[in-house]
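Q: Just dropping this structure here.
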């Protein structure tokens, strides 16, 4: 079984980490802790996540009604959560707000995007963001830096945008080339312009009771907005978040908790993730592992938000590949009460939330309500 | 049933919050979100926590073998996790490190404590911290400010310690009087001296994968240290944290996740907390509700860390009261495999961790290993 193999691998990796064999970033700190021998609890263990160590399933594992190991022969009864049309609705509302802002105070929100290198997927994401800005009347500026540029060059662009009063949101497209210090660069984004919500102060304030982050990361915010607009009650519900990345899993779990869900976070070290997931009223999956969540992982009537987006080969499709989520849609749609499709679910919401955050930033700075 | 009543109350409070009736701090932001009508997901919901809204149980509810509603007539078989002696061991190790530091570089760690007002419990905590410093050779400075002092006065003291090179850790004893802005004051503690770990940057970096907080809050760190020193494996285990306070519940859940536990956070809005808790291999409870966790909430063999410390009336004890935790110890000790007593469990660890953080801060600044 695919899942068993994956867990086994993750356990092996875990043992290596525990024994201090794996040459990962935190090791230096661990050694220091052990050398003083005052405490036995090293901090820097959390370095591995699902997409890093779970083996990709073989192509024959991709689920389809015919390859399903379970009997999901019933009809697809889940309501489809149509992220595309919800995102369009939000974008229209943003366009109206932007135009009201221009009319009332003669200003519009501004977003700056910094892209380093020539990753095809990053280029596409950035282009989509800029097009989306244009569509709603948000000004956008774009800096493209070569793959081998220095950290100083990135910082210079960043500081320029930090200091530009016509720019209210600054984002650095991730992932950055490996020679650049992502933590250092993201920490330099001005807090008031951190529309991606990745600054540790924003994450810390999202986590803490009684605090308000200036921004919440776009994808998690999009997930919650989808739930709310679909009439899903979150308060008191058991939500399972699969994956704990800084960009999706972590802030989504914190946000669900803010909405008073009881939250369980699953990751590659979790035992029997299918049993835990089966108890969830709401499942948000952001593991980046196609086909991870099968129909029999779900409680009948659960609501499923699938953040995963992986291209897999498909000779029958126009471009030779198609996008799949973490969830076996065909099976899940027969068990869940509502589900997001991939594509057309969470994806469009991410950009809509980026626009909303940029509008929010501009309205805050201009004191415009 | 006590628990039912409490949940009922919390639900009523929840409904009020959802309907925007309760006059809580986040309402302004909620209104703003609703007024623009761009998004429907207000951020500022998480404002209530267990101790605030769960009604205290009546004295007759306090568990004892005779009043137990369940049949826990077996022997107390759980190993007692002796926080007092573990903390003493750590304090001895710290004393040795401090003396090595003095010998090698002629410097010792320094801790400054700011206390505002005359709360008896706060005074006791502060006195214990200062005594503990003295015992291990850590220099301590103490500022006591009157209950009605201005925010400026607190900030002045804080900045003085922030700028004092002989001071490596600064802590503001909580809770502060209501007229002072706790968030603003805590955010002003210099990050490198935030030995309490309450700064949002430290919380954010604790939460984020691949990041390292400079400090982890003392009580959560103490809980993990107790588990590790008791030989409890955390990785892959299901841990349930009851309560989500900034000081204990939240950072404990983040820390357990760093150690690769599968973590579920329970709070006053959680439905059937006893069912979820019964699935846990590790239970950390920090709700501040005496007698909340009964024997039948636990899976046989679970490890229980009880952070709760509530004084309850007890005419038979010397001072007319005794301290109890969140867990019905007598019942739990018959089900769990290991358990911390109250007092003598987590309590002593908190101060030991404060000393460890102060030592760590000093060694970092002095580049002394």
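Every number in this text was worked out from the coordinates using simple rules, so none of it is lab data. None of these values were measured; they are calculated from a predicted model. Positions of Cβ are backbone-derived with ideal geometry, glycine not excepted, and every protein chain shown enters the neighbour counts.
Q: Quick one: if you stick a label point 7 Å off each Cα along the C-beta vector at residue A:235 and residue A:365, how many nm between them?
A: Modelled inter-label distance: 3.6 nm.
Q: Just to verify a number: FRET efficiency for residue A:135 and residue B:321, C-beta to C-beta distance, R0 = 56 Å, to 0.05?
A: Working: r = 66 Å, r/R0 = 1.17.
In this case the efficiency is close to 0.30.
Q: Could you work out the mean projected area of the convex hull around the alpha carbons of region A:175-264, in square nanometres to one decimal? Write down the numbers at each step before the final one.
A: Details: hull surface 25.3 nm².
Computed as one quarter of the Cα hull surface, the answer is 6.3 nm².
Q: Enter the mean number of other protein chain beta carbons within 10 Å of the beta carbon of each residue in A:229-236, as an integer. Let's see the in-between values first.
A: On the way: counts 3, 0, 0, 0, 1, 3, 8, 10.
Mean shielding count: 3.
Q: Averaged over peptide B:92-100, how many Cβ atoms belonging to another chain are found within 10 Å of each residue's Cβ?
A: Numbers: counts 1, 4, 3, 0, 3, 3, 0, 0, 1.
For this peptide, the per-residue mean of nearby foreign Cβ atoms is 2.
Q: Calculate the mean, over all residues of peptide B:266-272, of how many other protein chain Cβ atoms lie within 10 angstrom of the residue's Cβ. Mind dumping the intermediate values first?
A: Numbers: counts 2, 7, 2, 9, 7, 6, 3.
That average works out to 5.
Q: Sorted from shortest, what are the nm distances separating the label point of residue A:144 from equivalent points in the other copies, each placed 7 Å from Cα along Cα to C-beta?
A: Ordered by increasing distance: 6.8 nm.
Q: What are the semi-axes of the equivalent ellipsoid of region B:114-221, taken as the square roots of 5 times the eigenvalues of the Cα gyration tensor, listed largest first and rounded to whole Å? Walk me through the intermediate numbers first.
A: Working: eigenvalues 98, 61, 38 Å².
Calculated on Cα positions only, the semi-axes equal 22, 17, 14 Å.
Q: Now, a different point. Would you calculate the volume per residue, in Å³, of the smallest convex hull containing every Cα atom of region A:141-204?
A: Values: hull volume 4.9 nm³, N = 64.
So the per-residue hull volume is 77 Å³.
Q: So for A:199, A:168, fewest C-beta neighbours within 10 Å to most, what's the order?
A: By the 10 Å Cβ count, ascending: A:199, A:168.
Q: Same structure, new question: Output needed: percent of Cα pairs per 5 Å distance bin for region B:295-369, bins running from 0 to the one holding the longest distance.
A: In order of increasing distance, the bins hold 3, 14, 17, 15, 14, 12, 10, 7, 5, 3, 0 percent.
Q: What FRET efficiency comes out for residue B:330 versus residue A:182 if R0 is 41 angstrom and r is the Cβ-Cβ distance? Round to the nearest 0.05.
A: Details: r = 51 Å, r/R0 = 1.25.
Using R0 = 41 Å, I get an efficiency of 0.20.
Q: Taking other Cβ within 10 Å of each residue's Cβ, how do B:270, B:41, B:253, A:99 sort, fewest first?
A: Values: B:270 26, B:41 22, B:253 29, A:99 13.
Result, fewest neighbours first: A:99, B:41, B:270, B:253.
Q: With a point put 7 Å past each Cα toward its Cβ, work out how far residue B:191 is from residue B:212 in nm, to one decimal.
A: 1.4
Q: Give the share of C-alpha pairs in each 10 angstrom bin for region B:211-369, from 0 to the last occupied bin, in whole percents, shortest bins first.
A: 11, 40, 33, 13, 4, 0
Q: Could you list log10 I(q)/I(0) for region A:170-228 at q = 0.12, 0.15, 0.25 Å⁻¹, which the Debye formula gives when each Cα is one point scatterer?
A: One equal scatterer on each Cα of region A:170-228 leads to -0.32, -0.48, -1.05.
Q: Could you tell me the extents of region A:277-316's C-alpha atoms along the three principal axes, largest first, rounded to whole Å?
A: Computed over the Cα atoms, the extents are 36, 17, 12 Å.
Q: While we're looking at this one, here's another question. If you rank B:212, B:225 by fewest surrounding Cβ atoms within 10 Å, what's the result? Write out the running numbers ahead of the final one.
A: Values: B:212 16, B:225 23.
Starting with the residue having the fewest Cβ neighbours, the order is B:212, B:225.
Q: Give me the distance between the Cα centres of region A:307-369 and region B:207-282, rounded to whole Å.
A: Using only Cα atoms, the two centres lie 31 Å from each other.
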